[in-house]
Amino acid sequence: MSNTRVLRLGVIGVGRYALAYHMPLIKMSSEAELVAIHRRSADALAQAAAEFDVPHAFTDYLALLDGVDLDAVIVSGPEGLHHEYCMSALERGLHVLVDKPWVLRSADAEEQMALARDKGVVLAVAYNRHLDSANMYAQEVIQSGRLGQVIHASALQLGFPAPEASPWQYTPGLGGGPLYGRGAHMADLLPWTTGLRPTEVSATLVHQPGLATDAGGSITMRLSDAVTAHMDCFVAQDHNRDEARYYGTEGSLFVYRPARRPDRPRNAIGIGVWAVKHWDQAGEPIEPLTLPEGSTTVDHFLAVVQGREESRCSGEEGIVAVRVLEAAYASARLGQKVRLD
C-alpha cells in the first residue's frame, strides 16, 4: 500500500517485552492504533488494558483474531507458542511482526514464510539490532569492504532472567532456554552484519542442577566456509555484558551495549542504545564516526506495511538464526559438527 493510514494493531502475548517496548511505541505512533491485546492471565491482562487504554482485551488469542477488525498483529510471549500464533494471524491475512526468538524449528519458520507469500502480507522478525545505528554502521563498514577481508567475529552475552522470575523460559517446548533466548540475537547478528552465511556449527551446552533447560553455552560457526565466528551466552550476574567484535585485514570493530542506568524507567524507549568503536589496520581509532539513522522494530514494521520501506528484518533473514540454533542443539546432543545446507 502506498498511502499512509492509521493501522489497527493487536498484540498477542502481552508480557514483559511487549509492555516495555511494543505497546509504548504503538501508542506513540501516528500511524497505528492499539485496539486489542491478549494475555492468558486475566488479572495481568486487565492491568495492561487499563494502563495503555486498550478497548479490547482477550485471554483467548483466537477470540482476538476473530472478534476485532485488525490490519496487523505483533506476536510476543513464549517462543514455543509463536508458531501457532503467527500461523493463525497469517491465515486471516494479517501482517505479522514476531519477537525473537522467532520459533524453535526451522520447518515452522519456512511454513510461515510460505503462508505469508501466499497471502501477500508482511512477515517480519523483531531483531532490533538490524535497526540500531551502531550495528547498521558495522554492517555497512564490513559489507562495503572498508574492514577488508573478515578474519574473525565473536559475540558475548551474559545474564538471563532467573527461573523464579520467568519460569516459562526454562520450560522445554515453551521457552528455548537461555542459549536460545539470548543467543538468538548473536546467531542472527554475526551472519547479518558480515553478510556471510553459516555453513557449519558446533556447540557445547552448560547445565545447572534443577534446570530443565540449558544454562547457556558456546557456539562456533563457519561462515561461508571461510571465516570462524564464535559466540558465548551464559546465565550470569553481569547483566551489562553484551557485545560483538569483528576483525578484518584493514581494521576492527567493537559494538557493545553501554552499562544500563539504574534510573531508566521501564517504558523508556531509545534508538541508538548501542555504541561502536572502529580502529584502522594500525590500531588507531577512527573518529568521529558518522552513524546511519536508526529506527525501532515497530516503526519500521509500520513503514514496511505502508509500503515506504523494504524490510530489514524479513523472514529470510530471521530464519538464519533459527537454523543456527537448531544445528547448535543437534551438535551438542551428537557431540559433533553439523553442516548447514
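The values are calculated or read from the model by the stated rules, or taken from the named source; none is laboratory data. Predicted model, so just to flag it, every value in this text is computed and none were measured. Here the Cβ is made from the backbone with ideal geometry for all residues, glycine too, and neighbour counts use every protein chain on show. Note: areas computed on protein heavy atoms with side chains; ligands, DNA, RNA excluded. Shrake-Rupley method; radii C 1.70, N 1.55, O 1.52, S 1.80 Å.
Asp188 meets each of the listed conditions (1) open to solvent by 30 Å² or more (accessible area, probe 1.4 Å); (2) closer than 15 Å to Ala321 by Cβ; (3) not basic (Lys, Arg) apart from (1).
Taking the criterion of being buried (at least 20 other Cβ atoms within 10 Å of the Cβ) and among the acidic types (Asp, Glu), the residues of the range 76-115 that qualify are Glu79, Asp99.
The set of residues in the range 17-75 being small (Gly, Ala, Ser), over 18 Å from Thr4 (Cα atoms) and open to solvent by 20 Å² or more (accessible area, probe 1.4 Å) consists of Ser41, Ala42, Ala44, Ala46, Ala50, Ala57, Ala63, Gly67. Cβ-Cβ distances below 9 Å connect the following pairs, each with a first residue in the range 141-162 that is surrounded by fewer than 15 Cβ atoms within 10 Å (Cβ to Cβ), a second residue that is aliphatic (A, V, I, L, M), and a separation of six or more residues or different chains: Gln149/Ala226; Gln149/Val227; Ile151/Val227; His152/Val227; His152/Ala229; Ala162/Val235. Among all positions in the range 290-303, there is at least one residue which is under 23 Å from Arg245 (Cβ atoms) and open to solvent by 50 Å² or more (accessible area, probe 1.4 Å). The set of residues from the range 16-48 being in contact with a strand residue (DSSP E or B) (Cβ under 7 Å, 6 or more places away or on another chain) and not in a helix (DSSP H, G or I) comprises Glu31, Ala32, Glu33, Leu34, Val35, Ala36, Ile37, His38. A search for C-beta distances below 6 Å between a residue of the range 219-235 that is without any contact (Cβ under 8 Å) to a residue 40 or more places away in the chain and any residue that is among the hydrophobic types (A, V, I, L, M, F, W, C), counting only pairs 6+ apart in sequence or on different chains, returns Ser224/Leu196. Take Leu196 and decide whether it is at pLDDT 95 or above and either aromatic (Phe, Trp, Tyr) or not in a strand (DSSP E or B) (or both). Answer is yes for this residue.
Any residue that is farther than 28 Å from Asp341 by Cα and surrounded by 14 or more Cβ atoms within 10 Å (Cβ to Cβ) - is there at least one of those in the range 192-205?
no
Quick one: would you say Gly181 is surrounded by 21 or more Cβ atoms within 10 Å (Cβ to Cβ) and of a type in the set (Gly, Ala, Ser)? Against the criterion (surrounded by 21 or more Cβ atoms within 10 Å (Cβ to Cβ) and of a type in the set (Gly, Ala, Ser)), Gly181 qualifies.
Being part of a loop (DSSP other than H, G, I, E, B) and open to solvent by less than 50 Å² (accessible area, probe 1.4 Å) is the filter; apply it to the range 236-288 and report the residue that is modelled with the lowest pLDDT. Ranking the candidates gives Ala268 first.
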